[in-house]
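Taking it in order: structure first as structure tokens, then the write-up.
The values are calculated or read from the model by the stated rules, or taken from the named source; none is laboratory data. The structure displayed is predicted, hence computed values, not measured ones. Every residue, glycine among them, receives a Cβ derived from its backbone with ideal geometry; neighbour counts consider all protein chains shown.
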Amino acid sequence: MARTIQPWEDLGRGAACDGCRRLEMAFLRQIMRILDDVLAQAKRERHPISAEAEHTMRVLRARYRRLQAEGAPQEGAQAALPPPPCRGAPPAR
């Protein structure tokens, strides 16, 4: 039985299909929104912000931008090719 790939497992590997890309982008948006809120509150209350937290936010934003770029419409011969199979789909028999 094939298991479903969770969005957090796909980070850094690239989403294979539009559905996976949208799911991963929604997941990243939620995480970034929460982390933005936490970092903003820490700044307001003058708490120190760790380098790890700032680095995590930079990595998440970079991944989100890459997913947006992958979703750009393709031109020319690339547009005629079918999309690659989704890694989250069960294997073909």
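Listed here are the residues, each with its yes/no results for (1) at pLDDT below 85; (2) assigned to a helix (DSSP H, G or I); (3) in contact with a Leu (Cβ under 8 Å, 6 or more places away or on another chain).
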position	(1), (2), (3)
PHE27	no, yes, no
ILE34	no, yes, no
GLN41	no, yes, no
ALA69	yes, yes, no
ALA72	yes, no, no
PRO91	yes, no, no
By residue number, the members of the stretch 44-67 that are closer than 14 Å to MET25 by Cα and either of a type in the set (D, E, K, R) or at pLDDT below 85 (or both) are ARG61, ARG63, ARG65, ARG66, LEU67
